[in-house]
1. Can you find a residue in the range 331-353 that is over 30 Å from Val207 (Cα atoms), open to solvent by 20 Å² or more (accessible area, probe 1.4 Å) and among the aliphatic types (A, V, I, L, M)?
2. Could you list all residues from the range 190-231 that are of a type in the set (S, T, N, Q), open to solvent by 40 Å² or more (accessible area, probe 1.4 Å) and modelled with pLDDT of 90 or more?
3. Filter the range 293-330 for residues that are small (Gly, Ala, Ser) and within 16 Å of the chain's Cα centre (by Cα); which is farthest from Phe68 (Cα to Cα)?
4. State whether one or more residues within the range 295-311 are out of contact with any helix residue (DSSP H, G or I) (no Cβ under 6 Å at 6 or more places or on another chain), modelled with pLDDT under 85 and open to solvent by 60 Å² or more (accessible area, probe 1.4 Å).
5. Just to be sure, is Ala266 more than 18 Å from the chain's Cα centre (by Cα) and open to solvent by less than 40 Å² (accessible area, probe 1.4 Å)?
6. Quickly run through the range 361-392 and pick out the residues that are among the aromatic types (Phe, Trp, Tyr) and open to solvent by less than 40 Å² (accessible area, probe 1.4 Å).
7. Before we move on, is Leu260 surrounded by fewer than 20 Cβ atoms within 10 Å (Cβ to Cβ), out of contact with any strand residue (DSSP E or B) (no Cβ under 8 Å at 6 or more places or on another chain) and not β-branched (Val, Ile, Thr)?
8. Within the range 323-346, is there a residue that is β-branched (Val, Ile, Thr), closer than 25 Å to Tyr235 by Cα and in contact (Cβ under 8 Å) with a residue 12 or more places away in the chain?
Amino acid sequence: MAQNTKNLVGLTGIPLVMVLGNSMLIPVLPTMKSKMDLTALQTSLLITAFSISAGIVIPLAGYLSDRFGRKIVIILSLILYGAGGLVAGLASLWWDNPYMLIMLGRVMQGIGAAGTAPIAMAMAGDLFKGASESRALGLMETSNGLGKVLSPVFGSLLAMIAWYMVFLAFPIICGVVLLLFLFFTKEKKQEKQPMPVRQYLQSIGQVFRQHGRWLIPAFFIGSICLFTLFGVLFYLSDLLEEKYKIDGLLKGAFLAVPLLVMSITAYITGLIIKKKLGLMRLFVIIGMFLLATSYVIANFVKGAYVLTGVLIIGSVGTGLILPCLNSMIIGAVKKSERGMITSLYSGVRFIGVAVGPPVFTWLLDRSRSVMFLSIAGLAALFGVVAIFFLKPKQAGDAASEQPSEEEEESAKETKAMEQVAEILGIHRESEEDKRRVEAIKRFGFDPNDLMDALLKNKGTKNKEKS
């Protein structure tokens with residue numbers, strides 16, 4: 001197995017673990033509310049405690065990963081993550097009133113989560129180059145989405161044994177992911193000494209002075225995606241159980257459908273966008289308006305099946321947005337600053353997760369229409385913001401980074417063909433070249449590239465046979 005493949009195997013489990021921290025609890029929250037006699041606000045704080053602590057600590061974890069290495073930060077974070085689940089699970093098992101100890105365990109998990117997926121995303125930027133980087137980031141976002149898809153089902157299955165089993169599952173899951181990461185992923189040695197804190201913060205300030213016009217809206221768009229996602233899941237979980245009496249595995253399946261669509265869309269998006277900034281920007285704009293459309297329609301429909309179907313529209317939008325934002329932000333900064341910038345971005349996303357359930361609860365107290373139309377308006381507003389302000393540029397040192405093996409091989413082939421054409425006196429710009437240039441100008445990419453990628457293996461086999 002090639003080292004790049006091993007690195008990817010070790011990294012992709014980390015976003016999945018991170019998202020389980022909240023998504024696996026979503027279908028169990030109504031049961032927790034009943035068993036511990038909690039209010040709706042207290043129940044929503046089980047999500048908020050995890051997300052707020054993660055959002056606050058993530059920037060610090062990013063700095064530590066830049067200074068001491070990504071791998072050690074991820075290892076310690078996975079250990080703390082699992083320990084927090086153990087505290088919450090044992091408290092639920094042994095104590096009559098375990099709410100406060102569960103909250104402590106959730107805070108521990110949040111602190112641990114701060115050093116997992118955000119640092120793994122920065123590490124992917126270190127280990128992969130060019131189109132391989134976009135594919136890796138797309139796959140990691142897909143892993144994140146896959147975690148969201150599987151977690152409601154896992155949560156529902158575990159709750160059939162006991163409601164606190166969701167907490168006791170975390171040490172096992174974290175242990176498996178930790179072993180994969182330890183044995184498969186190899187970190188590149190730091191070529192330069194890390195910067196002092198003051199100089200480091202100054203460099204981050206320079207990044208925002210240079211890119212802040214589009215970087216700040218990108219941060220907010222990512223946060224809004226997670227804010228609406230977890231707010232709607234919280235609302236849908238309660239609605240399915242209390243109004244439609246749908247519980248157990250069927251309820252988990254309902255919650256998983258929109259998330260499955262989102263993860264598939266994210267994976268396909270990661271394959272298409274590569275390094276095409278114009279295409280990324282277009283996908284983000286389309287995604288925000290799909291989100292707005294989804295919530296406007298949701299306001300007028302009734303019935304669990306129809307509502308779930310409508311939310312799929314928003315899931316497609318989120319799947320378009322998140323991989324594009326990841327690639328934009330990774331490409332906007334120097335390698336030495338990626339840990340802090342990606343961590344700040346992840347911190348903002350976590351704040352969105354944290355405020356989603358309580359804000360949705362507050363809006364729902366006003367009316368269902370207020371809830372859906374408010375978030376639809378917010379998504380549409382930032383769709384307009386994306387049109388005018390989301391215009392990213394690659395990092396200034398991007399050209400100095402070493403190209404990937406694929407890019408080097410392609411460059412050699414192109415140079416060789418140019419030399420042959422020059423010797424033979426052949427006109428360089430063929431009709432195919434003109435068509436390709438026109439397609440790239442119009443769409444941001446050549447549609448034939450997708451077909452070439454699909455037919456590549458088949459063509460190779462036929463050539464070998466001949």
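1. From the range 331-353, those over 30 Å from Val207 (Cα atoms) are none; that's our starting set.
Looking through the range 331-353, none of the residues is over 30 Å from Val207 (Cα atoms), open to solvent by 20 Å² or more (accessible area, probe 1.4 Å) and among the aliphatic types (A, V, I, L, M).
2. At the first step, the residues of the range 190-231 found to be of a type in the set (S, T, N, Q) are 190, 193, 199, 202-203, 206, 210, 223, 228.
Add one more test, that the residue is open to solvent by 40 Å² or more (accessible area, probe 1.4 Å), and what stays is 190, 193, 199, 202, 206, 210.
Selection gives nothing.
3. Within the range 293-330, the subset small (Gly, Ala, Ser) is 294, 298, 303-304, 309, 314-315, 317, 319, 327.
Those still in the list that are within 16 Å of the chain's Cα centre (by Cα) too: 314-315, 317, 319, 327.
Details: Gly314: 39, Ser315: 37, Gly317: 37, Gly319: 33, Ser327: 24 Å.
The residue in question is Gly314.
4. Yes, the range 295-311 contains at least one residue that is out of contact with any helix residue (DSSP H, G or I) (no Cβ under 6 Å at 6 or more places or on another chain), modelled with pLDDT under 85 and open to solvent by 60 Å² or more (accessible area, probe 1.4 Å).
5. Details: more than 18 Å from the chain's Cα centre (by Cα): no; open to solvent by less than 40 Å² (accessible area, probe 1.4 Å): yes.
For Ala266, the condition - more than 18 Å from the chain's Cα centre (by Cα) and open to solvent by less than 40 Å² (accessible area, probe 1.4 Å) - is not met.
6. Within the range 361-392, Phe372, Phe382 meet the criteria.
7. On the way: surrounded by fewer than 20 Cβ atoms within 10 Å (Cβ to Cβ): yes; out of contact with any strand residue (DSSP E or B) (no Cβ under 8 Å at 6 or more places or on another chain): yes; not β-branched (Val, Ile, Thr): yes.
Taking the combined requirement at face value, the residue satisfies it.
8. Taking the range 323-346 as the starting set, the residues that turn out to be β-branched (Val, Ile, Thr) are 329-330, 333, 341-342.
With the extra rule that they be closer than 25 Å to Tyr235 by Cα, the set shrinks to none.
No, the range 323-346 contains no residue that is β-branched (Val, Ile, Thr), closer than 25 Å to Tyr235 by Cα and in contact (Cβ under 8 Å) with a residue 12 or more places away in the chain.
The values are calculated or read from the model by the stated rules, or taken from the named source; none is laboratory data. In this text, all values refer to a predicted model and were calculated from it rather than measured experimentally. Quick reminder, even Gly has a Cβ in these numbers, built from the backbone with ideal geometry, and neighbours come from all protein chains shown. Heavy atoms of the whole protein, side chains included, go into the accessibility calculation; ligands, DNA and RNA do not. Shrake-Rupley method; radii C 1.70, N 1.55, O 1.52, S 1.80 Å.
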